[in-house]
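Single-structure report; data block below.
The values are calculated or read from the model by the stated rules, or taken from the named source; none is laboratory data. Bear in mind that the values here come from a model prediction, so they are computed numbers and not experimental data. In this analysis, Cβ positions are derived from the backbone assuming ideal geometry, glycine residues included, and neighbour counts consider all displayed protein chains. Quick note on the areas: whole protein, heavy atoms, side chains included, nothing else; ligands and nucleic acids left out. Shrake-Rupley method; radii C 1.70, N 1.55, O 1.52, S 1.80 Å.
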Amino acid sequence: MMRICIVGGGLCGLSAAYMLADIGQVDLFERRPVLGGCLASYRIGGYWIERYYHHCFAGDTRLMGLLDRLHLADRLEWLRGTTGYCVGGRIYPLTTPMEVLRYPYLSVMDKARLAWLTLRSKHLDVEALDRITAKDYILERLGPTVYASFFEPLLRSKFGERRDEVSAAWLISRIAIRSNRGAGGERLGYLNGGFQMLISRLEEELGRSGCSVRTGTPVETIRRRNGIWLVNGEPYDAVISTIPPQEVAQIAGMEIASIPYQGAACMTLALDHDVTDGIYWINMKDDAPYGAVISHTNFAPLAWYGEHIVYLASYFSNRLSGGAARAILADFCRRFSVPEDAIRWHRLAVDRYAGPIYTTGLRDRLPGYERHGMYLAGMFSPPNYPERSMEGSIAAAHDVAELVRARFSDA
Ligand SMILES: Cc1cc2nc3c(=O)[nH]c(=O)nc-3n(C[C@H](O)[C@H](O)[C@H](O)COP(=O)(O)OP(=O)(O)OC[C@H]3O[C@@H](n4cnc5c(N)ncnc54)[C@H](O)[C@@H]3O)c2cc1C
């Protein structure tokens, strides 16, 4: 029987295992004690909440297909996503056209330019945009005020000190995907019960089909001997790695080009009241140790949780500075007038590899699905360009599973 090893128990690894369980013995190795990777969740009292804020989009067809196969489609709810900016200590809602018109930090002309770019965004050539930085693109076409008042805070909150290197491909594709909104805001998808439902269902299905899922088991060595892969010393016919290319290159002693990654540090906390005026997603234009305040319960119904859940989202490039958790909490309490004892619980999630930094030219540097006979799929794969997503990781799993299937059926 063919033996397949999957490195990484995030959404990509789990999906690939699920798609290949019928053609051989699949063993999945996950370094952490729990599955889910960037989509893992906390169990708080009687509910699950993602370690990092998640929602999906209407165009996420692979995700919908997977939910359907796992009998979870009826749990997907389309909810209203609202947004705003925090400037000078004040929250400005920016969801409806009227709210945008009232926003005082852009002139009417700037707003017209912004509307023009939003309309055009779906028709722009992403390949060409990969060669120019987002900063230059916006400065050239929309001018310095729109850049400073609108896009720079977004880029700063997402990419920190490397924001000036990010390509226009990333920015424009974000605008295009977020422009699918009616007058009342975006329709964003969320699973009733949390995306942990998806992770748990995949785990159950893998158990049912005889896959061996090994949590708390890092892959430490991968070697090739006489046409067989040895993973932590065990023999396999095929290896699918879903971890960052530079990590697998090191473990396997192979030459695979690195991808620039950023880390995420995200504080999740619960309160007994709302702090963002009913708005889901607040971008911080003010300088703060987090770039966005995301009130999950202004998106998913409060009744599902019985308390207000807030994410304080930040990214880092190299190392997270010491004392980050304290600094984030202290700033949040001061800025939003929240007494520390009003925070019912809080957790900090930190991941060094939270997503690629979409620097100019990255498109041509993405690794293909097969390198030195090993399969590579994950956040760095072409379907996850120019932004990583659940959809992209499922699509990459699908592509790589098809390649393995084709090779096995030829054998
Ligand atoms: C802050 C944040 C917000 C996000 N929001 C959204 C959103 O709203 N919508 C959306 O669609 N997507 C969102 N995403 C993206 C989405 O979570 C990811 O694209 C997806 O979960 C990636 O899955 P993956 O399996 O490719 O990678 P990962 O989740 O990174 O999985 C890789 C796994 O490999 C494991 N691993 C690493 N090294 C080893 C080793 N040596 N041995 C064994 N295991 C190892 C890791 O522990 C991890 O579990 C968000 C991501 C982040 C970080």
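Return, for the Cα atoms of the stretch 354-411, the radius of gyration and Dmax in Å, separated by a comma.
12.3, 40
Between residue 71 and residue 340, with labels modelled 7 Å along Cα→Cβ, what's the label distance in nm to one decimal, could you check?
If labels sit at residue 71 and residue 340, their model points lie 4.9 nm apart.
Each residue of the stretch 296-305 in turn: what ³J(HN,Hα) in whole Hz from Karplus with 6.51, -1.76, 1.60 and θ = phi - 60°, glycine and Pro shown as x?
4, 7, 9, 10, 7, x, 4, 4, 5, 10
Can you tell me the alpha carbon radius of gyration of the stretch 69-164 divided by the globular rule-of-thumb value 2.2 N^0.38 Å?
1.32
Given R₀ = 22 Å, FRET efficiency for residue 161-residue 350 by Cβ-Cβ distance, to 0.05?
0.80
Could you tell me the relative contact order of the stretch 121-238? Use alpha-carbon pairs under 8 Å, at least six residues apart, and round to a whole percent.
Contact order relative to length: 19 percent.
Sequence gap at least 6, Cα distance under 8 Å: using those rules, report the relative contact order of the stretch 337-402 to the nearest whole percent.
23 percent
Ignoring ligands, DNA and RNA, what accessible area per residue does the chain give at 1.4 Å, in Å²?
Roughly 42 Å² per residue, with all protein chains present.
What 222 nm value per residue comes from the helices of the chain, counting each DSSP H run with n ≥ 4 as -39,500 (n - 2.57) and dividing by all residues, nearest 500 deg cm²/dmol?
Value at 222 nm, helices only: -9000 deg cm²/dmol.
Only Cα pairs under 8 Å and at least 6 apart count here; give the relative contact order of the stretch 47-173 as a rounded whole percent.
Taking the mean separation of contacting Cα pairs over the length of the stretch 47-173, I get 19 percent.
Quick check: net charge around residue 205, other residues with Cβ under 15 Å of its Cβ, Lys/Arg +1 and Asp/Glu -1?
My count for the surroundings of residue 205 gives -1.
Tell me the Kirkwood radius of the chain: reciprocal of the mean inverse pair distance over distinct alpha-carbon atoms, in Å.
So the Kirkwood estimate lands at 22.4 Å.
What is the sum of charges around residue 233, taking Lys and Arg as +1, Asp and Glu as -1, for the other residues whose C-beta is under 11 Å from the C-beta of residue 233?
Local charge sum for residue 233: 0.
For the stretch 318-389 and the stretch 18-55, write down the distance between their C-alpha centroids in whole Å.
When both Cα centres are located, 17 Å separates them.
Considering only protein heavy atoms and a probe of 1.4 Å, how much of the accessible area of the chain is carbon and sulfur, as a whole percent?
51 percent
How large is the convex hull of the C-alpha atoms of the stretch 113-201 per residue, in Å³?
146 Å³
Starting from the 7 Å offset along Cα-to-Cβ, what nm value, one decimal, do you get for the label separation of residue 122 and residue 287?
4.0 nm
Starting from the 7 Å offset along Cα-to-Cβ, what nm value, one decimal, do you get for the label separation of residue 317 and residue 226?
4.9 nm
With all protein chains present, calculate the accessible area of residue 118 using a 1.4 Å probe and round the result to the nearest 10 Å².
About 50 Å², rounded to the nearest 10.
For a quick check, take a GNM of the chain with Cα springs below 10 Å and name the residue from 308, 296, 123 with the largest mean-square fluctuation.
Greatest mean-square fluctuation among the candidates belongs to 123.
Tally Lys and Arg at +1 and Asp and Glu at -1 over the other residues with C-beta under 11 Å from the C-beta of residue 253: what net charge comes out?
+1
Can you give the extra length, in nm with one decimal, that the chain gains between residue 58 and residue 139 once fully stretched, where that is 0.36 nm per residue apart less the Cα-Cα distance?
26.1 nm
Full-extension gain between residue 327 and residue 406, please, as 0.36 nm times their residue separation minus the C-alpha to C-alpha distance.
Between residue 327 and residue 406, full extension yields 23.3 nm more.
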